[in-house]
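Bear in mind that the values in this text are calculations on the coordinates, not laboratory data. As the structure is a prediction and not an experimental result, all values here were calculated from the model. Glycine also receives a Cβ, built like all others from the backbone with ideal geometry; neighbour counts cover every protein chain displayed.
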Amino acid sequence: MSRMFVPTRDEAVAAWSAVRPRLVRVPKKDYALPGLSAECLTMRDGSRYPEAVIGERKKVRLSRIAYLAEVGDIDDSATLIRHLCHNPACVEPTHLLPGTDEDNARDRARAGLGNIPFRHGTCKRGHDVTIEANVYRWIYRGSDGVGRRRATCAVCQRGIRRFGSATAYEAAKRAGDAE
């Protein structure tokens, strides 16, 4: 697997200053985190994940360039730039934060976004999945090698492992036999 192209700060500043005149302000989404500025900064063309070309035809997402140019270096453990406003087209540096896929999934779950069953922060049995210990996880199944994605609550999954089913776990909890 090849390593992702990471521009230097000077390259990012040059690309950011070239793109900045083509940006427009739009209202932020109503499910964005509180405390963010009222408007997102996006490209006029309305592209979902705007990109810029750096050097010899190296395409880099504009959110990464904006963060590098305005905030500074990105930690090596960060694989992507998260959008705190949940607007993929936004390149407002105050709405961006480096993170991992897990951080991004947790952000989506807390905002009730994405193709996940925990839209309201709880699983179907009422466990709070917004706290770290109960965050859902993807389980891959399928002996055909294709695999299916399914989200489950970590508390329910522990009950299934211990009691054979989540329903049996809930019954044991009511009877006082489960933790």
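Quick notes
- Scope region 91-100; condition under 14 Å from the mean Cα position of the chain (by Cα) and of a type outside the set (S, T, N, Q); matching residues: HIS95, LEU96, LEU97, PRO98, GLY99
- Residue in region 44-56 that is hydroxyl-bearing (Ser, Thr, Tyr), surrounded by 15 or more Cβ atoms within 10 Å (Cβ to Cβ) and over 15 Å from VAL6 (Cβ atoms) present: no
- Residue within region 31-54 that is small (Gly, Ala, Ser) and assigned to a helix (DSSP H, G or I) present: no
- In summary, ALA105 fulfils each of the numbered conditions (1) closer than 30 Å to CYS153 by Cβ; (2) assigned to a loop (DSSP other than H, G, I, E, B); (3) among the small types (Gly, Ala, Ser) with the single exception of condition (2).
- Hits in region 65-82 - residues which are over 18 Å from the mean Cα position of the chain (by Cα), in contact (Cβ under 8 Å) with a residue 40 or more places away in the chain and surrounded by fewer than 21 Cβ atoms within 10 Å (Cβ to Cβ): GLU70, GLY72, ASP73
- Selection status of CYS85, farther than 13 Å from LEU23 by Cα and surrounded by 15 or more Cβ atoms within 10 Å (Cβ to Cβ): yes
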